[in-house]
Structures are given as structure tokens and as C-alpha cells.
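See below for the structure under consideration.
Here, each number is a calculation from the coordinates, and none is a lab measurement. The shown structure was predicted, so the numbers you read here are calculated from the model rather than taken from an experiment. Cβ placement follows ideal geometry from the backbone for every residue including glycine, while neighbour counts extend to all protein chains displayed.
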Amino acid sequence: MKAGTDSSSDQHYLFFLDKKMLLDPERPLRIGRDSSCEIVLEERTVSRIHAEVCRDGDQYMVRDLDSTNGIQLNYRRVKEHVLKDEDRITIGPFILVYRVLDHSSNIPLRSEENLLSETLVMESKIASILQSIDDDQVKNQLFELKHIINQSKEKLSRMAHIDRLTLLYNRRFFDDALSREVERARRYNQPLCLLMLDIDFFKKVNDVHGHQKGDAVLHEIASMISDNIRMNDIAARYGGEEMAVILPETTLENALTAAEKLRSVIETESLVRTGLEITVSIGAAGFTEADKGVQDLVARADGALYNAKENGRNRVAYSDS
């Protein structure tokens, strides 16, 4: 799921109650009490034409159209805001969720859509009941129930983004996160770096020790990566034995220091943690104005990784242009 991207396999939706609405990139979607709106919410706290969701470049925006009671995004009052995957729009007692769904994998997403719709129905019903209750004790109990529903849904959402073997983020989440970080780096002129890591001679591990041992090695290497990056860095399993780390607000010089730390830790600790002497090769690249998008940054980091492997493995290489 890639918020803010224009992949041909991505489709943008608003989920509300037990329904979903596909967003049209060519025309805004209006939300309100009036029957002329694409999404009609029949409730007195909703203005006739309350808000709209529309395409703005390669992103979608939600805008309050001078409504009486305003809108909230993720429970904070906003006038207009860029939408990201899983953002929650509150209008009166109604909650709408913006989703970007990759239809190259329909089966798991269908069950996810159903689960999301079910939780939205519960949340909206609770929000509606809360408006009609004066008893503070009952209100507190309902707020607690609403909080429990949110927590459960957030846990399920995180599970959908995690690679089960390595417990790193999965490829879908990585693509989404890198798109957002590239856009942020471009917009605010901030540094951004990407590391691509590959376990050296991993095929030999599988061939000699078996795939179960190979899985254990992948898990431990991923754990070492997680333990040795900053809280705001994003580590993901890119594919097979290849992993990636997004380093927001990081210069190439600092990214190389971080990469060397990872390489050294894995070389030093792998024997104790896996029973085998494991090393990794790492390619680093920093986002530049010459990059047309995510693909250019990934290609340069991947090219640097190739150079690291060609020059003897167990080393860090980088691309500066």
C-alpha cells in the first residue's frame, strides 16, 4: 500500500460504515448532508456540503468546505491536509478511512477490507451513542471500549506490515515509507539515505545447513539490524536475503558511519548469535535533486551494493551521484 504514489496497481478508497468509495483522480469527492454529494451523511451535525477529498499532484487532500462543525484528521482539527494510508477523517459522528490498496494481491486485502469495515461500523455507532448520553460513567465506559477497538485495529494493521520471518517491515510497507520520505526530502530540502544489505554467500548457508538454519540466520541478522539503528530509521526485508534501511534526515557521511556499524556488528556477533560466521555487504546512496523518484534512489543503492560484493564482500560501498 503506497500512500502518495501513482502506481497503476494502486487504487484509492474511502471506507465509511459498511461501504467503500473508489476515488476518481479526475474529480473531487464531496461529503455532506446534501443529496448532491457523492458521500451522503444524514446527520444534523454534518453540513450540507461539509468537505471534499480531491487529487493534488500525486497525492490526495481532504479539505473542510467552511462547514459548521469542521473536520478532524486522526482526531485533530484540520482545515486541509494531505492524506496518508489509513488516515481517519471524522465528520460529525462518522469516521471515514482513507486507504491505498494494491490490487496485485486481492485475496489478503479483501479480508482486511472486511475487517476495517466492521471496526468502522462499531466506531461510528459508539461515536453516535456518545453524542446522546449525558451519564459521565457510561460515557467513560464507551470511550474505553472505543480505545480498545482502536488498539486492536492498530495491532492488526501492524501485523499486515510485518515480515513474519524477520519481524522487519515487509516490502509493501517499505515501498510506501520510502515514497513518503523521498517526497518529504524533496519538499523540505532534507537529506535522506538508503542502505541496501545482502547476506554474503547465503545460498551456501541453505545448501550446507538447510533452509531451517537459513531462516534462523535471516531472523538473527534482522534482529541485529533492528538493535543497531535509530528509532526513526525504517528497516525492511526487501526480498530473499536482501534487507534495506531508510535513514531519514541523514547525510551520506552519517549513513556510511551507520552502515559500517551494522557491518561490523554482524561480523562480530554472528558466530555467537547464529553459530556461523556471517558477513554482509552494504550499498549506500543519498537522495539527490537529480533523482526523478524512488526508483533512482533504490537503483543507486543497489548498484553500490553490487560494487561492494564485486570488490570482495563484507564491506560498504556508496553512490554519491
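Working ranking of peptides 241-252, 43-54 by packing, defined as the average number of other Cβ atoms within 10 Å per residue, highest first, is 241-252, 43-54. With the charge dipole of segment 226-321 set up from +1 on Lys and Arg Cβ and -1 on Asp and Glu Cβ about the Cα centre, the Cα lying farthest toward the positive end among the listed residues A304, V294, V265 is that of V265. Sparsely packed loop sites in segment 201-249 (the trypsin sites (Lys or Arg not before Pro) outside DSSP H, G, I, E and B with at most 16 other Cβ atoms within 10 Å) comprise R230. Loop-located trypsin sites (Lys or Arg not before Pro) in segment 247-321 (DSSP state other than H, G, I, E, B) with a sparse environment of at most 10 neighbouring Cβ atoms within 10 Å: K292.
Take 219-226, 278-285, 24-31 and order them by the average number of nearby Cβ atoms within 10 Å per residue, most first; the result is 278-285, 219-226, 24-31.
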